[in-house]
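Since the structure comes first, as structure tokens, the remarks are kept for the end.
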Amino acid sequence: MAQNAYQYTTSAEAIPFAPSQTRVKYKAARWTRRERLMVTFVSAVIMILMIGVVFSSMQANAARTNAATMQSKIDATKESNDALRSDIQSKTSKKNLDEVAKKYNMTLSNNNVRNINQ
């Protein structure tokens with residue numbers, strides 16, 4: 001048979017002995033002037049962007065605080081205006097005018113009153 005004619009080799013015969021290789025250590029390459037400038041430039045850009053993010057965050061926080069303060073002032077002014085309007089309404093009412101007239105001994109003469117709505 002053809003299979004028997006094939007010679008088998010053992011693993012020791014198949015792998016030739018290779019001497020152990022030692023690794024050659026290389027020195028790190030020196031950076032060129034262009035590479036150093038590029039790294040410096042990129043680092044500066046990153047620092048500027050970081051400072052910009054912090055600055056814009058602080059400005060947004062200040063604007064938010066300012067808006068909240070203004071809103072509270074607006075609310076206080078609206079409440080004050082509402083109180084003043086109600087005070088004006090109560091002081092100009094017919095009932096109050098009659099009370100003030102009675103207090104100062106004033107009378108209402110119907111001959112001097114004109115109705116302008118007619």
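The values are calculated or read from the model by the stated rules, or taken from the named source; none is laboratory data. Source: prediction; values computed, not measured. When we count neighbours, we look across all protein chains shown, and the Cβ atoms used for this are built from the backbone with ideal geometry, even at glycine.
Residue-level analysis places R34 among those that are modelled with pLDDT of 95 or more and basic (K, R). In region 18-47, the residue that is nearest to the chain's Cα centre (by Cα) out of those that are in a helix (DSSP H, G or I) and loosely packed, with under 10 Cβ neighbours inside 10 Å is R34.
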